[in-house]
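Trainee: Before I ask anything, let me first share the structure, which is written out below as structure tokens.
The values are calculated or read from the model by the stated rules, or taken from the named source; none is laboratory data. Note that the coordinates shown come from a computational prediction; the quantities given were computed from them, not determined experimentally. Ideal geometry is used to build each Cβ from the backbone, glycine not excepted, and the neighbour counts take in all protein chains shown. Note: accessible area is taken over every heavy atom of the protein model, side chains too, but ligands, DNA and RNA are not part of it. Shrake-Rupley method; radii C 1.70, N 1.55, O 1.52, S 1.80 Å.
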Amino acid sequence: MSLLSVSDLSILLKSGEGQPIVDRISFALEPGQRLGLIGESGSGKSLTTLAVTGLLPPGLRATGSVLLDGTQVIGARDRTLDRVRGHAAAVVFQEPSTALDPLMRLGKQIAEPLRRHRGLRGAALRSAVAAALDEVALPTRVAGAYPHEVSGGQRQRAAIAMALACRPKLLIADEPTTALDVTVQAEVLALLDRLAAAHDMALLFVSHDLAVIGKVTDEVLVLSQGRAVRTGPLAEVLSNPGDDYTRSLVASARRLDAALDLTPEVSDDSRGA
Amino acid sequence: MRRRAFLVTGIVLVAVVLAVALLSLFWTPFPAADTTGGRLEGPGAHHLLGTDKLGRDLLTRLMIGARIAVAVGAGAVALGALLGGAAGLLAAFANRWLDDSLAALLDILIAFPTLLLAMLVVAARGASLASAIVAIGLAMSAIVARLTRVLAKRVLAMDYVTAARTSGVSWPRIVWAHVLPNIWPTLAVNLALQFGLAVLAEASLSYLGLGPPPPNASWGRLLQEAQSTVLTAPVGAIAPGVLLVVLVVGVNLLADGLRDVADPTRRRHR
Amino acid sequence: MILEARDVGFRYADGAPVLSGVSFGVTPGRSVALVGESAAGKTTLLRLLLGLRRPTSGVVLFQGQPLPTGHRAARPFRRHVQTVFQDPYSSLDPRQKVSRIVAEPLRALGFTDHGSRVAAALDAVGLPADTADRYPHEFSGGQRQRIAIARAIAVEPTVLLADEPVSALDVTTKVRVIDLLAELRATRGLTLVMVSHDLAAVASLCDDTVVLERGRVVEQGPTSEVLGGPRDPYTQRLIASIPRLPR
Ligand SMILES: Nc1ncnc2c1ncn2[C@@H]1O[C@H](COP(=O)(O)OP(=O)(O)OP(=O)(O)O)[C@@H](O)[C@H]1O
Ligand SMILES: Nc1ncnc2c1ncn2[C@@H]1O[C@H](COP(=O)(O)OP(=O)(O)OP(=O)(O)O)[C@@H](O)[C@H]1O
Ligand SMILES: [Mg+2]
Ligand SMILES: [Mg+2]
């Protein structure tokens, strides 16, 4: 049985006005499988991930079916979903600043899911927090800091540590590396790759960056204005984009990629150390 | 649309109590302190809602009670909001050391029982309407301060505040243009809750004899007086209770409604 | 040099040094990128350049003069130097209309013709005029970033300090905002200092690049040389980490 099976998922305004924001999309993930969800800003990527975990904001409603680890998420009560969240699926959000409580020390925030889901207390809890920080390459000192006292990258890594803490079967990562610099991004992508493989964790990876998605998954689903416009292996999408939107996406990605092909002019003294 | 209906209901409920309170300043059916009928009369043509056990007109006493309820609620909320709001903002702007100390102080104040505080105030100033307002307002200000501090800190961490600073916007102006507009809706809802709690707190003060002295009794005292006769003269207990609920519910609907109306994200663009 | 850091060191009240011995400068009309990994001190350096914090050692110079202290004295500096942030969600006050957001620096810096300047700024970033009386939540991330850029250029600054201005934008929007910034540079002679870990954006926009590692400058020079033929091992590692499209 699939770990996650989404069929004909639509997301609409409760008031019933306007077009559906997400329009009948379907996909499935087996345990350990990975999928990249790609699309422009506002195409509905985040709302799709929220619908999968039953976290849609109040003004919106979902129709269709989302089976997560055997539980029907659409229309489920919060109590049912609390059991699923964390265990079956955990989410790393786009905005580290919204996922973290600005008034609570980071160590305490990472300890919270460990306490709730793994029942750890006291010294065991402290060492688990230290291990969780270590796993995302954060110094232990960060445990005592408030979110605004660490850098943007450190904040996002703390959020990732929180999500990974309960060893979910499915990790949903909504642009988790947007706020990270390239070296840490490379580390985090490698980390996600390694952890997913080690724990047979499935990955639903949201990004607008084809190059980033290429680091963790080979399979992509392209969303444009709430519709799935293209799906298939990344290499194929790149070489044969198909529809207009995917074509402009690939062109932009290629342009940014080409900007990096720099050849130094030969002048030796213009550089400081 | 339903939201708008709640807001209108809130406005109507509060307006009715307010009108009654204002009217009582100029006119009541009977003088408040006078025995004008038999004891515990039921509702009738002469005494619309009947009389209490001393033969005083119940409607008159309820009208004066409205005045006290509004005065206590509004007075305590005003005091709590000004004092607590100022302290909370101060803490939000303070350096870490001062902020930590203020936070600790607030925690202690919040743990301090309101009634104990009230007794201290009454001991110092004597039992009166003003004493009740001061006591309840002081207790409330600690709660308001803590909330204000949290909300303001959240706003101050936003990039739009930094952007304002880099444009040379002064701190007072930042508070006025960014902090207050972003925190008042949440504060207002909380203050509405506090309004209700203040009215109820005054009732318990009166019960202990620490409230405004008779004959200007509050609804709380009316309720307490009617306790022993609730079976023979139910109106005496029901009427102040109903009014209390009307006022508290009205204020809460009003605050909720105002918050929604003021929130641009809940409004639809034409 | 229009803006210059000279041997700047900094530590936050309760921490280890974040910057030490940082020196670099921008000449008018040039664009400089500050790159480096997370926590290298890029944002901190930007705060110092903005005068939001004072360096613990060394000086920041604007047009050859140390940054003025004091609210009033800083005004001319603030008029010249404006800023754009990374997060297009927290950089616009959700309770203000776009017109008021964009007019804020105008009001604070004593301009009088708010209406026409707001309209001109919105036009310059390619937003329709009716943007002005809408609220931030009605816009996408890319549009919000345009609004933030409009706010920054409304007072016609000479220097724009941008902290990851395109990092939160999707690829197609990113390309458009990069084009917008390039155009503003070309048409207004704007000096740009951009913090970014997005080396593709850096390569597209910046003449020079300064590489920071743990609060120290490890390499600086023309972007084509620093990114094209990095000498420092740290810079080499940085460039090797860039995810590239599979071929
Ligand atoms: N609570 C809400 N009520 C109404 N519309 C919403 C709500 N949240 C999001 N939307 C709209 O739904 C659309 C999809 O939003 P979503 O956040 O899923 O986009 P996204 O693909 O994640 O974009 P990004 O790359 O910018 O994060 C957008 O047009 C947005 O304006
Ligand atoms: N307000 C603060 N108080 C104390 N320490 C801080 C504060 N802000 C940042 N720091 C620390 O200063 C160091 C540099 O942070 P800074 O935000 O400048 O990094 P950055 O280079 O911008 O990183 P990123 O790319 O992740 O945003 C970090 O170790 C961070 O934890
Ligand atoms: Mg999103
Ligand atoms: Mg930064």
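Trainee: For the stretch A:94-112, check the following and say yes or no: at least one residue is touching a strand residue (DSSP E or B) at 6+ places or on another chain (Cβ under 8 Å) and not β-branched (Val, Ile, Thr). Steps first, please.
Mentor: Going through the stretch A:94-112, the residues touching a strand residue (DSSP E or B) at 6+ places or on another chain (Cβ under 8 Å) turn out to be A:94, A:99.
Narrowing the set further to residues that are not β-branched (Val, Ile, Thr) leaves A:94, A:99.
Scanning the stretch A:94-112, I find at least one residue that is touching a strand residue (DSSP E or B) at 6+ places or on another chain (Cβ under 8 Å) and not β-branched (Val, Ile, Thr), so the answer is yes.
Trainee: Looking at the stretch A:1-46 only, could you name the residues that are among the acidic types (Asp, Glu) and farther than 22 Å from A:His87 by Cα?
Mentor: Just the residues of the stretch A:1-46 that are among the acidic types (Asp, Glu), to begin with: A:8, A:17, A:23, A:30, A:40.
Residues satisfying the conditions are A:Asp8, A:Glu17, A:Asp23, A:Glu40.
Trainee: Let me ask something else about it. Restricting the search to the stretch B:93-125, which residues are over 30 Å from B:Trp171 (Cβ atoms) and assigned to a loop (DSSP other than H, G, I, E, B)? First the steps, then the outcome.
Mentor: Taking the stretch B:93-125 as the starting set, the residues that turn out to be over 30 Å from B:Trp171 (Cβ atoms) are B:111-125.
Listed by number, the residues that qualify are B:Phe112, B:Pro113.
Trainee: Tell me, please, whether a residue that is part of a helix (DSSP H, G or I), within 15 Å of ligand 1 (Cβ to nearest atom) and touching a residue at least 12 places away in the same chain (Cβ under 8 Å) can be found in the stretch A:51-59. Before you say what the answer is, go through the steps one by one.
Mentor: From the stretch A:51-59, those part of a helix (DSSP H, G or I) are A:51-52; that's our starting set.
Now drop any that are not within 15 Å of ligand 1 (Cβ to nearest atom), which leaves A:51-52.
Now drop any that are not touching a residue at least 12 places away in the same chain (Cβ under 8 Å), which leaves A:51-52.
Checking the stretch A:51-59: at least one residue is part of a helix (DSSP H, G or I), within 15 Å of ligand 1 (Cβ to nearest atom) and touching a residue at least 12 places away in the same chain (Cβ under 8 Å).
Trainee: Return the only residue of A:Arg247, A:Arg141 being open to solvent by 10 Å² or more (accessible area, probe 1.4 Å), within 16 Å of ligand 2 (Cβ to nearest atom) and not in a strand (DSSP E or B). It would help to see each step written out before you state the result.
Mentor: On the way: A:Arg247 fails: within 16 Å of ligand 2 (Cβ to nearest atom).
Only one candidate passes the filter, namely A:Arg141.
Trainee: Mind checking which residues of the stretch A:184-199 are within 16 Å of ligand 2 (Cβ to nearest atom) and either surrounded by fewer than 22 Cβ atoms within 10 Å (Cβ to Cβ) or more than 8 Å from chain C (Cβ to nearest Cβ) (or both)?
Mentor: Answer for the stretch A:184-199, where residues must be within 16 Å of ligand 2 (Cβ to nearest atom) and either surrounded by fewer than 22 Cβ atoms within 10 Å (Cβ to Cβ) or more than 8 Å from chain C (Cβ to nearest Cβ) (or both): A:Ala186, A:Glu187, A:Val188.
Trainee: Collect the residues in the stretch C:28-52 that are more than 9 Å from ligand 2 (Cβ to nearest atom) and in contact (Cβ under 8 Å) with a residue 40 or more places away in the chain, keeping them in residue-number order.
Mentor: Hits for the stretch C:28-52 are C:Pro28, C:Gly29, C:Arg30, C:Ser31, C:Val32, C:Ala33, C:Val35, C:Leu48, C:Leu49, C:Leu50.
Trainee: With respect to C:Gln82, determine if the residue is within 16 Å of ligand 3 (Cβ to nearest atom) and buried (at least 20 other Cβ atoms within 10 Å of the Cβ).
Mentor: Numbers: within 16 Å of ligand 3 (Cβ to nearest atom): no; buried (at least 20 other Cβ atoms within 10 Å of the Cβ): yes.
Here the answer is no, as C:Gln82 does not meet what is asked.
Trainee: Can I ask one more? In the set B:Thr162, B:Thr186, B:Thr166, which member is within 14 Å of chain C (Cβ to nearest Cβ) and under 23 Å from the mean Cα position of the chain (by Cα)?
Mentor: Details: B:Thr162 fails: under 23 Å from the mean Cα position of the chain (by Cα); B:Thr166 fails: under 23 Å from the mean Cα position of the chain (by Cα).
Of B:Thr162, B:Thr186, B:Thr166, the one residue that is within 14 Å of chain C (Cβ to nearest Cβ) and under 23 Å from the mean Cα position of the chain (by Cα) is B:Thr186.
Trainee: Taking A:Gln225 as meeting all but one of (1) surrounded by 20 or more Cβ atoms within 10 Å (Cβ to Cβ); (2) within 15 Å of ligand 1 (Cβ to nearest atom), write down the number of the exception.
Mentor: Against the list (1) surrounded by 20 or more Cβ atoms within 10 Å (Cβ to Cβ); (2) within 15 Å of ligand 1 (Cβ to nearest atom), A:Gln225 comes up short only on (1).
Trainee: Looking only at the stretch B:169-179, filter to residues that are within 10 Å of chain C (Cβ to nearest Cβ) and open to solvent by 10 Å² or more (accessible area, probe 1.4 Å); which one of those is modelled with the highest pLDDT?
Mentor: Result: B:Arg173.
Trainee: Can you pull out every residue in the stretch B:140-189 that is assigned to a helix (DSSP H, G or I) and among the polar types (S, T, N, Q)? Quick ask: steps written out before the conclusion?
Mentor: Taking the stretch B:140-189 as the starting set, the residues that turn out to be assigned to a helix (DSSP H, G or I) are B:140-156, B:159-166, B:171-189.
Answer for the stretch B:140-189, where residues must be assigned to a helix (DSSP H, G or I) and among the polar types (S, T, N, Q): B:Ser141, B:Thr148, B:Thr162, B:Thr166, B:Asn182, B:Thr186.
Trainee: Okay, moving on. What are the residues in the stretch A:41-56 that are open to solvent by less than 50 Å² (accessible area, probe 1.4 Å) and out of contact with any strand residue (DSSP E or B) (no Cβ under 7 Å at 6 or more places or on another chain), if any? If you could, list the steps in order and put the result at the bottom.
Mentor: Within the stretch A:41-56, the first condition is being open to solvent by less than 50 Å² (accessible area, probe 1.4 Å), and the residues that meet it are A:41, A:43-54, A:56.
Result: A:Ser41, A:Leu50, A:Gly54.
Trainee: So, in the stretch A:13-33, exactly how many residues are open to solvent by 50 Å² or more (accessible area, probe 1.4 Å) and within 16 Å of ligand 3 (Cβ to nearest atom)?
Mentor: Final tally of qualifying residues: 1.
Trainee: Failed condition for C:Val98, given (1) of a type in the set (A, V, I, L, M, F, W, C); (2) within 18 Å of the chain's Cα centre (by Cα); (3) within 26 Å of C:Ser116 (Cβ to Cβ), with all others met?
Mentor: Failing condition for C:Val98: (2).
Trainee: Can you pull out every residue in the stretch A:162-183 that is touching a residue at least 40 places away in the same chain (Cβ under 8 Å), among the charged types (D, E, K, R) and either under 20 Å from A:Leu249 (Cα atoms) or within 16 Å of ligand 2 (Cβ to nearest atom) (or both)? Spell out how you get there, then give the answer.
Mentor: We begin by selecting, within the stretch A:162-183, every residue touching a residue at least 40 places away in the same chain (Cβ under 8 Å); these are A:162-166, A:168-176, A:178-179.
Of the ones still in play, those that are also among the charged types (D, E, K, R) are A:169, A:174-175.
Within the stretch A:162-183, A:Asp174, A:Glu175 qualify.
Trainee: Another question about this same structure. Just one of A:Val142, A:Val91 is in contact (Cβ under 8 Å) with a residue 40 or more places away in the chain and on the phi < 0 side of the Ramachandran plot; which is it? If you could, list the steps in order and put the result at the bottom.
Mentor: On the way: A:Val142 fails: in contact (Cβ under 8 Å) with a residue 40 or more places away in the chain.
Answer to the check: A:Val91.
Trainee: I'd like to know if the stretch A:88-110 contains one or more residues that are under 20 Å from A:Leu67 (Cα atoms) and not in a strand (DSSP E or B).
Mentor: Within the stretch A:88-110, one or more residues are under 20 Å from A:Leu67 (Cα atoms) and not in a strand (DSSP E or B).
Trainee: Tell me the residue from C:His114, C:His137 that is more than 14 Å from chain A (Cβ to nearest Cβ) and surrounded by fewer than 18 Cβ atoms within 10 Å (Cβ to Cβ), please. Break it down into steps so the answer makes sense when it comes.
Mentor: On the way: C:His137 fails: more than 14 Å from chain A (Cβ to nearest Cβ).
C:His114 is the lone residue from the list that is more than 14 Å from chain A (Cβ to nearest Cβ) and surrounded by fewer than 18 Cβ atoms within 10 Å (Cβ to Cβ).
Trainee: Quick check on this structure: which one of A:Ala124, A:Ala132, A:Ala158 is in contact with a helix residue (DSSP H, G or I) (Cβ under 8 Å, 6 or more places away or on another chain), farther than 30 Å from C:Val211 by Cβ and at pLDDT 85 or above? Lay out the reasoning, then the answer.
Mentor: Numbers: A:Ala124 fails: in contact with a helix residue (DSSP H, G or I) (Cβ under 8 Å, 6 or more places away or on another chain); A:Ala158 fails: farther than 30 Å from C:Val211 by Cβ.
On inspection, the qualifying residue turns out to be A:Ala132.
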